[in-house]
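Let me begin by presenting the structure, written as structure tokens, before commenting on it.
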Amino acid sequence: MTEITSHPIILGDWGTSSCRLYLCEGETILDSATAPGIKFVEDPEATFCETIEPWVTKYGKLDAVLCGMVGSNIGWKDAGYMDCPVGLQDFGGNLINLATETCNVKIVPGVKTLSGLAKTPDVMRGEETQILGWASSRKSDGLLCLPGTHTKWAQIENGKIQNFMTSVNGELFDVILNHSVLVGGSNLPPACIGDEYRSGIETAATGIPLTQQLMSVRSHQIMGNYDVIQAKSYLLGLLIGTDVAGSLEYANGASISVIGGSAPASFYAEAIRTLGGKANIYGGQEASLTGLHHIIEQG
């Protein structure tokens, strides 16, 4: 049998609801694995070691660099936060070290601002790695949008995260959908970009407070305008439209880079364009892995 001499590294984003790990050799992804999010595990170390066991069996003891909620106060070990403005070169010397029997783990710290774009304190974990991955490959400034359970809007200047703010749109959508009478259905097909979604965006753009518009999700159904599936898309348009309408000013007319998976990124890009802005989409996995690779180089 031929002896394996290569020594890959594990890169991963371990968030609140999901964990994505990649076994990489240089820029090549050799394999990938998933695990439950931090909020679903009692013992992060045991979960991690169990997930990577096939890789350890093949390659021996490995190194890993992880970002996301794994480094939070509800994660494996609190990695703390770095203050804005913060750039790629600032992370290498601030990684938190952990050691298991089968893996040497480094955790990327999060980022905080005392007065974010919304003029309130704010924090992020995981998104900073995607942002810095985008900045290092694009070498440009601008406003970024990272859709998710907690959507981030970040200003990048000279390759640094200058400031940011969080919208809890994804979480709010889930709460309204599953724990209110506004939609009145569960286990529905995914929302889609269509007339109902765009109607929600346009309704949000009127500037009327969201709390005074949300009842229209239910009233449209009662009056026969939408069925429950259409109402779901309208609700998403109303929430994302409100978020985008309140954020476009930070782009100063320039194109907004939307970083994330194809579906959430498409919804946000459509809302930005519908409300008169410009948007381009950049893959979330690509941004995260690029950021982790560069953090390794800096460290």
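The table below gives the values:
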{"item": "Cut-off under 5 Å, modelled amide H: who pairs with Asp31 long-range", "result": "Leu23"}
{"item": "Among Leu275, Leu21, Leu188, residue whose mean-square fluctuation peaks in a GNM of the chain (springs only between Cα atoms under 10 Å)", "result": "Leu188"}
{"item": "Reciprocal of mean inverse Cα separation for the range 104-219 (Kirkwood radius, Å)", "result": "16.7 Å"}
{"item": "Within a Gaussian network of the chain (alpha carbon springs, distance under 10 Å), most fluctuating of Leu239, Leu114, Leu144", "result": "Leu114"}
{"item": "Folded to 0 to 90 degrees: helix 169-179 orientation relative to the chain principal axis, Cα", "result": "70 degrees"}
{"item": "Ellipsoid equivalent to the range 158-233 - semi-axes via the Cα gyration tensor, in Å", "result": "26, 15, 13"}
{"item": "Histogram of C-alpha separations across the range 101-160, 10 Å bin width, %", "result": "19, 49, 23, 7, 1"}
{"item": "Computed P(r) (all Cα pairs; the range 234-295; 5 Å bins; percent)", "result": "4, 19, 25, 22, 15, 10, 5, 1, 0"}
{"item": "Computed E for Lys77/Val228 - FRET, C-beta separation, R0 41 angstrom, nearest 0.05", "result": "0.40"}
{"item": "Prolate/oblate/rounded label for the chain (Cα gyration tensor, a/c 1.5)", "result": "prolate"}
{"item": "Gap separating the Cα centres of the range 200-239 and the range 137-193, nearest whole Å", "result": "18 Å"}
{"item": "Coarse-grained scattering of the range 30-147 at q = 0.11, 0.13 Å⁻¹, given as base-10 log I(q)/I(0) from a Debye sum over alpha-carbon atoms", "result": "-0.43, -0.59"}
{"item": "Test item: Cα-centred dipole of the chain, Lys/Arg +1 and Asp/Glu -1 on Cβ, debye", "result": "660 debye"}
{"item": "Simple spin-label estimate for Lys58 and Thr206 in nanometres, 7 Å along Cα-Cβ", "result": "5.7 nm"}
{"item": "Relative contact order of the chain, defined on C-alpha pairs under 8 angstrom at six or more residues apart (%)", "result": "16 percent"}
{"item": "Entries of Lys39/Lys160; Lys119/Lys232; Lys106/Lys278; Lys39/Lys106 with Cα pairs more than 26 Å apart", "result": "Lys39/Lys160; Lys119/Lys232; Lys106/Lys278"}
{"item": "Global form of the range 187-280, assessed from the alpha-carbon gyration tensor, a/c cut-off 1.5", "result": "oblate"}
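A short reminder: the numbers here are calculations on the coordinates, not readings from a lab. Everything numeric in this text was worked out from a predicted model, so none of it was measured. In this analysis, Cβ positions are derived from the backbone assuming ideal geometry, glycine residues included, and neighbour counts consider all displayed protein chains.
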